[in-house]
Amino acid sequence: MNTSALNRLIYAEKCAQELFEDVFAAEIICPGKTELEINNDIFVLAKEKYGIKKFWHKRIVRAGINTIHPYEVNPRNVTVQEDDILFLDFGPVFENWEADLGRTIVVGMNPVKLKLCLDIEKAWKEGREFILRNYNTLTGADVYNYTIQLALKYGWHFRNEHCGHLVGEFPHEKLIGDHVFNYFHPQNDRLISEPDIRGLNRYWIYEVHFIENDMKYGGFFEQLVY
């Protein structure tokens, strides 16, 4: 294993976690602000405090009904409501290494939304343990199918076309391509432990995106598996 690359990815993730903590402390997320306003405020904070100007994928802030949509969808900009639910999905680049962090925030005390927020983190941890315990024998499809079962276990829906992807030195998609082989995807029948096209170790982001049974809102949690 290339411990140097892994250490750099862990460093990038820890920096991203600090950014998220600062976002919450600054009370940037509140009712009455639009997703775009929150997104812009976070970008300004990231630039001013951490010097972050580069993100390897589009910055995502989603609230309410928009939280049911996967990454590929670009829904209309909505305003955060009282008693709402949001998720953030940012991919800042630190010293040319990519982070990818997703978190859900509940505005208010809605018990179902709070349960969803807790469940996705617990399910992510279960998924991580499953991946690490069986790393040398799992395919991308195995991880995807396991995540569907996790959603059912916790009483939610899972409807994304994948549940994770590679991350690495920026820009990893240009270096290794953007193929099913590089995702926890139902059509990926290759072992996740296999090296990339350059013969190097691959490092995975695991995603849990559960949807409420009436398809009114969802929650999202993602980070590096190590």
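The values are calculated or read from the model by the stated rules, or taken from the named source; none is laboratory data. What you see is a predicted model; the values in this text were computed from it and never measured. So basically every Cβ, Gly included, is an ideal-geometry build from the backbone, and we count neighbours across all protein chains shown.
Quick notes on this one:
- Exactly one residue among Phe210, Phe170 is among the hydrophobic types (A, V, I, L, M, F, W, C), within 27 Å of Lys122 (Cα to Cα) and either touching a helix residue (DSSP H, G or I) at 6+ places or on another chain (Cβ under 6 Å) or in contact (Cβ under 8 Å) with a residue 24 or more places away in the chain (or both), and that residue is Phe210.
- Selection count, the range 106-117, where residues are over 20 Å from Cys163 (Cα atoms), buried (at least 17 other Cβ atoms within 10 Å of the Cβ) and not charged (D, E, K, R): 2
- The one condition in (1) farther than 24 Å from Leu9 by Cα; (2) buried (at least 19 other Cβ atoms within 10 Å of the Cβ); (3) among the polar types (S, T, N, Q) that Thr147 fails to fulfil: (1)
- Output for the range 183-226, where each listed residue is touching a His at 6+ places or on another chain (Cβ under 7 Å) and among the β-branched types (Val, Ile, Thr): Ile205, Ile211
- Evaluating Arg128 against the criteria (1) surrounded by fewer than 20 Cβ atoms within 10 Å (Cβ to Cβ); (2) within 25 Å of Asp84 (Cβ to Cβ) leaves one unmet condition, (2).
- Among the helices (runs of 4 or more DSSP H) confined to the range 97-199, the ones with at least 3 residues that are modelled with pLDDT under 95 are located at 172-176.
- Where a residue in the range 114-131 is without any contact (Cβ under 8 Å) to a residue 60 or more places away in the chain and among the hydrophobic types (A, V, I, L, M, F, W, C) and its partner, wherever it lies, is in a helix (DSSP H, G or I) and crowded, with 16+ Cβ neighbours inside 10 Å, with Cβ under 6 Å and at least six apart: Phe130/Tyr146
- Residues being surrounded by fewer than 21 Cβ atoms within 10 Å (Cβ to Cβ) and in a loop (DSSP other than H, G, I, E, B) - total across the range 64-96: 15
- Screening the candidates Glu27, Glu37 for the property of being loosely packed, with under 12 Cβ neighbours inside 10 Å, out of contact with any Ser or Thr (no Cβ under 7 Å at 6 or more places or on another chain) and of a type outside the set (Lys, Arg) yields one hit, Glu27.
- Count of the range 1-53 residues which are farther than 30 Å from Asn201 by Cα, in contact (Cβ under 8 Å) with a residue 24 or more places away in the chain, assigned to a helix (DSSP H, G or I) and not charged (D, E, K, R): 6
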